[in-house]
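The values are calculated or read from the model by the stated rules, or taken from the named source; none is laboratory data. For clarity, every value in this text was computed on a predicted model and none was experimentally measured. A quick note on method: Cβ atoms are made from the backbone with ideal geometry, for glycine too, and the neighbour counts reach across all protein chains shown. Ligands, DNA and RNA are stripped out before the accessible areas are found, and what is left, the full protein with its side chains, is counted by its heavy atoms. Shrake-Rupley method; radii C 1.70, N 1.55, O 1.52, S 1.80 Å.
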Amino acid sequence: MASFVDFVIAFQRALKASQLYSSDHPRHLESLSEFEGAYGQFLLWRNQVQVAARYGRIFVDGQIEDEDNLQLRALAKGLEERSIHALVLFHGVDVHDLEALLAILGLKPPALRALGGARKYLEDRGVTRIRVTATRLDEVSEAGEVISTASHGALARHGESGPAIGDGSPGSPSGFHLRKERAGGAGEGAGEGAGEAGQWKGPTPGTSSSGPGPSGGHLSAFMGRAGTLLGGLAGGGSAAGGTESEPGLPRVVMGSSRGSGQDLSSVVGQVQAFLGSLTAGGLAAADMSGLADYLEGMGLDRQGQQPGTQGVISRAVASLPPLEQVGVLLGSGALRSGPLRNVFNRLSTTLAAPTLANAVSTGEITTEQFIDATDQMKAVMPSAQNWVEQITEALRREGMSEAQLKALLDIVTWGSRPLEERIKALLEGERIFEMPTEKVLAFLRELLEAGRTTEFLRLVRHFATGLQVPAVARRLAVAQSFERIADWVDIPGMPPHIMDELMGILSRTYGREKDPEVHRWLSLGVEHILWFYMAARDPLRTCSLLESLQDVVTELSLPAEWKEQATVELLQRLGKPERLDKILSQLFDLEPQDAVTQVHPLFAMLGPSAASYLVERLSQESDRNRRRRLMDALKACGHSAEGPLLESLKSTEWFVVRNALIVLGEVASPGRVPEFEPFLDHKDARVRLAAVRALWHLGGRDAETTLVRQLSRPEPELQLEVLFILDELKVRNAIPALMDLLKAGKSRSRARQDKVREKAVEVLGHLGSHTVFPFLAKLLVRKKGFFRDTREALPIRIEALRALHALDSVESREAIEQTLASEPAGPELEALKGALE
């Protein structure tokens, strides 16, 4: 998992590239790809991440990051300038999503506001996996005081009146209500209950709550008792003198660690804004770990023991928007037992049910979100056994019919029903598709871990029928579920027949599916199973499944470019370097002959991604035996290794170039001859020899012509190698060059050059051309002079004799006989006769 700083660095690079280059420029595409990889690594083990910016600082999931890091400060500045309180990042982003995010940071703030802001910008482009929280929570004044600027309409959902709060004054009814009155001309930034714009007016006799929110009850009594004690907060008593007090709730001055006095409404507004800032969006539980420190910083009681502190918290929570309120209540479950936790327990009992019921009835949250929230809230409620009754009554007050209530409560109470009853229910009709996906998956996982594989497979097969229906939305939902089910294959003790069943289901639908998005999720599920076999040291099984998968695609669907691309992308994901690291260890551990049959086919199947990886490892490997194995694996990749190997030819390291040439000679096409020719002039002799051998393996007329030209090089080692190759290839076009070589080297007496001439004569004989007879005869004969005889060196004469004998013609036999007859007795005659025999 990548660090946040690594993620931000990739983010900033991609942002800069998007500003400097066009969308199709290689630099832009490269940086965007790096950003995508950093994003995936950053979220590798997390479901979602919240990146918030406040006061020039960055918070990741509520934890402050390095304040001195320049990249983080730049990111914070960019977010705050564009009124982005936080980014909520989810899995599954694609390049389109990331480009939209970069575009937001690339736009000037005024231009972004003209487009409707960051949130609207993402919504207009269909980006759902990156969300923006645009509410600015608070700001710091020059005096160093935190001033609330959140402006929520949270209590409006309860009607004109807010929650019932008593003032505790003599004769005051314990269940009176507060009215929220809007003052004309309120300045920007006035929050609920802050300043003149949203003050809470005193008790109005005879009024009653007009909304579904709680009225009366123990919250009213609790708040009534708290009202009389608000003046007892740290540093503050009654502020009746010199200030205007509201009836029933006197305006008070509250001390703080910053040494500034603040009235009650302002403090409530600030606590409300702080609690809202802790939520991560949606119905996720808020991170409440910093609440006690914040209360202490405000001059309140960090333990939540004083009634005044409890009253402020209660008012602040009750004023939050529904989703933020639920998030805070859910997050309170992580607080330590004590007075502060008790405050939220009481608020959960009173507020949670009506808030959730109102939110689902008004469409603010979906039914699935409602069910998920009720499940989570059950763990937080102080009396979980009464939670179902509370939520039922709240939904009934919202006007939900009894039939709707029954269907919803069946899902809410799902976990408490007997196992056999749940199995039967899911197998009936369409019930498994009506049930929230999370509950279906949780139940399947429960069966799997309990060893109930028969029931698990029955439900999985029934669930898989959703992949064959005409409705794309259902197929997509089921495909996403199967992607998660396939990810369970690494559960210890997973029976092999279950993996086979899952692979069969996925491969059949993979080949038949016509919608690209559904197909993508099926591909991810297939990937989980294939990777399991790769990691389990069974690459041959992976290769077999891949071949079967491609056969199924060919049989069950018409050719489609996007489907072929999907298969390519699947192979690319399986061929990621971190995965191939594990396969490479198998390559080195197996015996060479076993590696050829088990690992090489997988590398060949993965194609370019595996080839690129092997080329990179080959350039780094210092062990000779391992290098040989890597080169053999590259040869198994065939033509897919050609591109990465050609790139390696640009290296400045001689051994990298040499190894690339050796492999290219066996995998490249004959048309690559011009690209090899420059390496015949390489400064390192080992590279030159590798280029000669690569041309040999390429073959073809162009390669032969290039090799023949190398005979003129005054480099014995290279000439001998070329002569050997010309002999193997039986290149008759080399005859003129061979004779020129013999003529030019006659005057040289160096030992290596004599070896070259001997080999040249041998090659002439092996080529079997009768046109060389006069030349060979001339090499063989002894020429008599006036003072002395002249002749070639004995090894050359012997090779010429053998070459003439190999021609096996009347002329060649006569030339041999005449030579032997005219040769004077002595060692050379005996040597010639011995060679002939």
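Below are the figures for this structure:
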{"quantity": "Matching residues, the stretch 40-67, being basic (Lys, Arg) and more than 18 Å from Gly276 (Cβ to Cβ)", "calculated": "Arg46"}
{"quantity": "Members of the stretch 569-604 found to be open to solvent by less than 70 Å² (accessible area, probe 1.4 Å) and among the polar types (S, T, N, Q), listed by number", "calculated": "Ser585, Gln586, Gln598"}
{"quantity": "Single residue of the stretch 42-86 satisfying the filter (touching a Ser or Thr at 6+ places or on another chain (Cβ under 9 Å) and among the small types (Gly, Ala, Ser)) that is most open to solvent (accessible area, probe 1.4 Å)", "calculated": "Ser83"}
{"quantity": "Subset tally (residues that are of a type in the set (Ser, Thr, Tyr) and open to solvent by 50 Å² or more (accessible area, probe 1.4 Å)) for the stretch 351-400", "calculated": "4"}
{"quantity": "Residue within the stretch 380-387 that is outside any helix (DSSP H, G or I) and aliphatic (A, V, I, L, M) present", "calculated": "yes"}
{"quantity": "Some residue of the stretch 495-507 being at pLDDT below 85 and open to solvent by 80 Å² or more (accessible area, probe 1.4 Å)", "calculated": "yes"}
{"quantity": "Pair list, Cβ under 7 Å, 6 or more apart: the stretch 101-117 residue part of a helix (DSSP H, G or I), other residue open to solvent by 30 Å² or more (accessible area, probe 1.4 Å) and not hydroxyl-bearing (Ser, Thr, Tyr)", "calculated": "Ile104/Arg82; Gly106/Gln19; Pro109/Glu81; Pro109/Arg82; Leu112/Arg82"}
{"quantity": "Neighbours by Cβ (under 6 Å, 6+ apart or cross-chain): first from the stretch 635-663, open to solvent by 10 Å² or more (accessible area, probe 1.4 Å); second among the hydroxyl-bearing types (Ser, Thr, Tyr) and in a helix (DSSP H, G or I)", "calculated": "Pro644/Ser612; Val656/Ser619; Val656/Ser648"}
{"quantity": "Ala815 vs. criteria over 22 Å from Ala734 (Cβ atoms), out of contact with any Lys or Arg (no Cβ under 7 Å at 6 or more places or on another chain) and open to solvent by less than 30 Å² (accessible area, probe 1.4 Å)", "calculated": "yes"}
{"quantity": "Residues that are outside any loop (DSSP other than H, G, I, E, B) and either modelled with pLDDT under 80 or open to solvent by 50 Å² or more (accessible area, probe 1.4 Å) (or both), drawn from the stretch 795-809", "calculated": "Pro795, Arg802, His805, Ala806"}
{"quantity": "Subset of the stretch 453-473 that is open to solvent by less than 30 Å² (accessible area, probe 1.4 Å), of a type in the set (A, V, I, L, M) and under 29 Å from the mean Cα position of the chain (by Cα) - its residue that is nearest to Met494 (Cα to Cα)", "calculated": "Val460"}
{"quantity": "Elements of type helices (runs of 4 or more DSSP H) contained in the stretch 584-647, each with 3 or more residues being among the basic types (Lys, Arg)", "calculated": "624-637"}
{"quantity": "Matching entry among Gly304, Gly237 (being at pLDDT below 90 and on the phi > 0 side of the Ramachandran plot)", "calculated": "Gly304"}
{"quantity": "Residue in the stretch 22-35 that is part of a strand (DSSP E or B), open to solvent by 10 Å² or more (accessible area, probe 1.4 Å), out of contact with any Leu (no Cβ under 6 Å at 6 or more places or on another chain) and not basic (Lys, Arg) present", "calculated": "no"}
{"quantity": "Condition check for Gly429: in contact (Cβ under 8 Å) with a residue 24 or more places away in the chain and either within 18 Å of Arg508 (Cα to Cα) or not hydrophobic (A, V, I, L, M, F, W, C) (or both)", "calculated": "no"}
